[in-house]
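Right, one structure below, let's go through it.
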Amino acid sequence: NELKNRGVADILIAVVDGLKGFPEAINAVFPQTVVQTCIVHLIRNSMSFASWKDRKAIAQALRGVYRADTPEAGLAALDAFEEGHWGRKYPAISQSWRRHWDQVI
């Protein structure tokens, strides 16, 4: 509302950090806005579930998800991650990506 009160008439795309309720708040004031989750924040959040020694390998394994050419290819890469070594060791990572999937694609 503060942005609207300052004269912002419309927002085309909003990239958010995953703060709970933020996408809903933006769409309540600017209903046509496309809300996306910031990939960097999502990766950082993913790393919080993993041990320090595994983080580099996990980040490498997630590249196929966020660099996919299509949403379907990204989902297939997420499925592969989830079924692979890192997904089985750290299931909260793929759960987090799935929770935010609508804003990722």
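The values are calculated or read from the model by the stated rules, or taken from the named source; none is laboratory data. Quantities reported herein were computed from a predicted structural model and do not represent experimental measurements. Virtual Cβ from ideal backbone geometry, glycine too; neighbours counted across all protein chains shown. Remember, those area values only see protein heavy atoms, side chains included, never the ligands or the DNA or RNA. Shrake-Rupley method; radii C 1.70, N 1.55, O 1.52, S 1.80 Å.
Rounded to the nearest 20, the size of the Cβ-charge dipole of region 19-76 about its Cα centre is 380 debye, with Lys and Arg at +1 and Asp and Glu at -1. With 5 Å bins beginning at zero, the pair-distance distribution over Cα atoms of the chain amounts to 2, 12, 21, 21, 15, 11, 8, 6, 3, 1 %.
In this rough spin-label picture, where each label sits 7 Å from Cα along the Cβ direction, the T70-A92 distance is 3.4 nm. Taking label points 7 Å from Cα along the Cα-to-Cβ direction, A80 and I11 give a separation of 3.5 nm. Between the exposed loop cleavage positions of the chain, defined as trypsin sites (Lys or Arg not before Pro) in a non-H, G, I, E, B DSSP state with at most 14 neighbouring beta-carbon atoms within 10 angstrom, the longest gap is 21-66. Note on the chain: helix-only mean residue ellipticity at 222 nm, from DSSP H runs of 4+ residues weighted -39500 (n - 2.57) and normalised by residue number, equals -16500 deg cm²/dmol.
The percentage of C-alpha pairs in region 8-56 whose separation is greater than 12 Å is 66%. How many percent of the accessible area of the chain is carbon or sulfur, using a 1.4 Å probe? For the chain, the apolar C and S fraction of the accessible surface comes to 55 percent.
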